[in-house]
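Taking it in order: structure first as structure tokens, then the write-up.
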Amino acid sequence: MIELGNITKIYKMGKVEIYALRGITLSIKRGEIVSIIGASGSGKSTLLNVIGCLDRPTSGSYLFDGADVSRLNDNKLAEMRNKQLGFVFQEYNLLSRASALSNVELPLIYSGSRQKHKRAMEALERVGLAARAKHKPTELSGGERQRVAIARALVNNPALILADEPTGNLDSVAGAEIVSIFQQLHREGITVVVITHEMDVATKAQRIIRLVDGEIISDEKAT
Amino acid sequence: MKLIDFFVIAIRALSANKLRSSLTMLGIIIGVGAVITLMSVGRGAEASVTSTFEQMGTNVLNVVPRSPEVEGFAGLSPRFAAPTLTLDDAEALGHIRSAAAVLPVNENFVQVTADGESKTAMIHGSTPEYLEVYNHSLALGQFIVDRDVASRDRVAVLGSEVAEDLFGFDNPIEQRVKMKGQRFTVIGVLEPKGGAMMGVSLDNIVVTPITTFQTRLFPQRTASGEDAVASISIKVASADAIDGVTEDAEAILKKRHRIADDEKNDFAIVSQEQVLGFVTQVTGVFTIFLGAIASISLLVASIGIMNIMLVSVTERTREIGVRKAVGAKRRDILLQFLLEAAMLSFVGGGIGVTGGWVLSRLISRVDVGGMTIHAVVSPDIVILAISVSVFIGLASGIYPAMRAARLNPIDALHYG
């Protein structure tokens, strides 16, 4: 499903060039659940942003379902993010003034979908938060907020869910709930890529990719 | 993305910051309100001046003395122009074929008293043609006749306002009024005409025979010692004849005043149209000037909108990042912020139009020295003001909106 070929990403800070990614070659198959681990600054978030079409690589090739993503313009990338991908962030990134339901409806607004309300409620049901639909994020616990964010990622039935430290701000109980939701999604056939630095989260995946200084140093099956 | 969703997002964003939104709108409200009010007052002044001139009759030429030495309109001012016209001049002008009526008029202000009531009115000394040339009609009694003029009778015809103020509901006919210590008999009352000329109501008037005016009330003589006439109005039979009558009148007066062809005239012939053109030019400039002053407040308001939109974009950087991460395109973000700015200015413009309209109505009720300015809020002013305010909203919203749309999603997500 995802074929990365020799991806590099260079940030220019004034005259200094910083190599965030140095030649990443990686393939992820449909239906896999993969975790990416590494120290902060290892480039794992940059990698996730490239896979998630939020950022463009400096060089290298990226095929998504056989289509060349590096040739897509901004509008096509936005459509990719809207229809094919779902993002889950460490800081939830919910709109604080909108209800849980409105937050989940957001991707449907940009896809111009019908029955926004019904589909958003279904997504909230999948993460067990239908009862909290009218609450604002400030009225929800951290775990509940993250579940709203997952519902938002799910609502357009994406093929791939990308999560950047989804349990980073949560206690272990709430974190375990979130992990089990990802496992459930994986069982339903959705491809999941999770960035984490917690080994007990990483080991729940089928496959663990370890990054150091923008390079993959190991790619192995979880035990 | 559907249009309705854009509106929902914009309304939610604006109502989330009610105080800020309403203060921003206040700028537009004041700006548009000021434009509407001032423009309509200007238009109203224009309209009332024009209608006054039209009431005085069209196809009328006015002959007045002028000072040969002084240029332009100033030469017509009584301060420079010595009296040069006489009743004989008027009589001679009456022989022009296309002149329907010739009317010598002297005017002044006079205090009129009757039964202890007193009123200052404009007094016209004139002849029987007065009614025809000035478009007046008689409500009661009779008007001055040739015999009154010939025998310098102390008779007076009162304007409706004078009659009402002095006699109330009593019939003024055959009553006495006193002017400059002399008794006059009231022989008629004019129909109310409405309108005002230079701040004086056209109904606050007394008409006497011109000869009475010249000899008993306000004697004034020309250089050659004859009784002077302040102006001679010539009613022309048809609009086509105006040029011909003007030429004939000039030739006749030049001959009578012994003015050679290369000398400057000691009189001027001014058509009603010329005066009207001059006045509307002045009031038109006045209107534009008022509008321009009001536009400055609109400009300030637009800067206010741009400022608030820039603040709003910065504040909501993360929101923009989230929207982009879930699939918002540049165009979606651009339209979202543009619509917010346009709604601010459109709603503000609407309220401003209403406020300006109310203010114009109030101004129309205020009596300024006997004259009311009927402020006219015409549709073109409203359309102009609203489209200008929406244009301002869009123009001042486009830059902040473009900044929002151009944000890189990752930078936006990690902002702050």
To the nearest 500 deg cm²/dmol, what mean residue ellipticity at 222 nm is calculated for chain B from DSSP H runs of n ≥ 4 alone, each contributing -39,500 (n - 2.57), summed and divided by the residues? -17500 deg cm²/dmol
Mind checking the stretch B:216-298 for trypsin sites (Lys or Arg not before Pro) that DSSP puts in a loop (not H, G, I, E or B) and that have at most 15 other Cβ atoms within 10 Å? B:258, B:264
Determine the percent antiparallel among the DSSP beta bridges restricted to the protein assembly as shown, to the nearest 5. 70 percent
Cα centroids of the stretch B:139-191 and the stretch B:192-256: how far apart, whole angstrom? 20 Å
Are there chymotrypsin sites (Phe, Trp or Tyr not before Pro) in the stretch B:91-198 that DSSP puts in a loop and that have at most 12 other Cβ atoms within 10 Å, and which ones? B:169
Would you work out which of A:80, B:112, B:412 lies farthest towards the positive end of the dipole of the protein assembly as shown? Charges go on Cβ: Lys and Arg +1, Asp and Glu -1. A:80
Any idea what the relative contact order of chain B is, in percent, if you count C-alpha pairs under 8 Å spaced at least 6 apart? 29 percent
Report, ordered by chain and residue number, the aspartates and glutamates lying within cross-link reach of residue A:221, taken as a straight Cα distance under 16 Å and ignoring same-chain residues fewer than 8 apart. A:32, A:200
Place a +1 charge on the Cβ of each Lys and Arg in the protein assembly as shown and a -1 charge on the Cβ of each Asp and Glu, then give the dipole magnitude about the Cα centre in debye, rounded to the nearest 20. 3700 debye
Residues of B:213-221, mean number of Cβ from any other protein chain within 10 Å of their own Cβ, rounded to a whole number? 0
Rounded to a whole number, the mean other protein chain Cβ count within 10 angstrom for residues of B:313-326 is 5
Whole-Hz Karplus couplings 3J(HN,Hα) for the stretch A:57-73, θ = phi - 60° and coefficients 6.51, -1.76, 1.60, Gly and Pro as x, run x, 5, 8, x, 10, 9, 10, 10, 6, x, 8, 7, 6, 5, 8, 6, 7
Cleavage-rule hits, GluC sites (Glu not before Pro), the stretch B:51-118, DSSP coil, Cβ neighbours within 10 Å at most 15: B:69, B:71
How many angstrom lie between the C-alpha centres of the stretch A:1-25 and the stretch A:156-223? 22 Å
Entries of B:235/B:255; A:83/A:134; A:12/B:18; A:83/A:136 with Cα pairs more than 32 Å apart: A:12/B:18
Report the antiparallel proportion of the DSSP beta bridges in chain A as a percent, rounded to a multiple of 5. 55 percent
Taking the Cα-to-Cβ direction at residue B:4 and at residue B:280 and moving 7 Å from each Cα, how far apart do the two end points lie in nm? 5.1 nm
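Over the stretch B:83-265, what is the mean sequence separation of C-alpha contacts under 8 Å (at least six apart), divided by residue count, expressed as relative contact order in percent?
32 percent
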Give me the distance between the Cα centres of the stretch A:77-92 and the stretch B:75-114, rounded to whole Å. 90 Å
Measuring from its Cα centre, the stretch B:64-121 shows a charge dipole (+1 at each Lys and Arg Cβ, -1 at each Asp and Glu Cβ) which, in debye to the nearest 20, is 160 debye
Among A:192, B:326, B:171, flag the residue with its Cα farthest along the positive direction of the charge dipole of the protein assembly as shown, charges on Cβ as +1 for Lys/Arg and -1 for Asp/Glu. A:192
Can you give me the distance in nm between label points at residue B:364 and residue B:243, each placed 7 Å from the Cα along the Cα-to-Cβ direction? 4.1 nm
Magnitude of the Cβ-charge dipole (Lys and Arg +1, Asp and Glu -1) of chain B about the Cα centre, nearest 20 debye, reported as 2700 debye
Residue A:70 versus residue B:120: modelled label distance in nm, points set 7 Å from Cα along the beta carbon direction: 9.4 nm
Mind checking which of A:129, B:17, B:338 is farthest towards the positive end of the protein assembly as shown's charge dipole, using Cβ charges of +1 (Lys, Arg) and -1 (Asp, Glu) about the Cα centre? A:129
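Just so you know, all these numbers are worked out from the coordinates, no wet-lab data involved. Computed from a predicted structure; not experimentally measured. Reconstructed Cβ throughout: ideal geometry from the backbone, glycine too, with neighbour counts over all protein chains shown.
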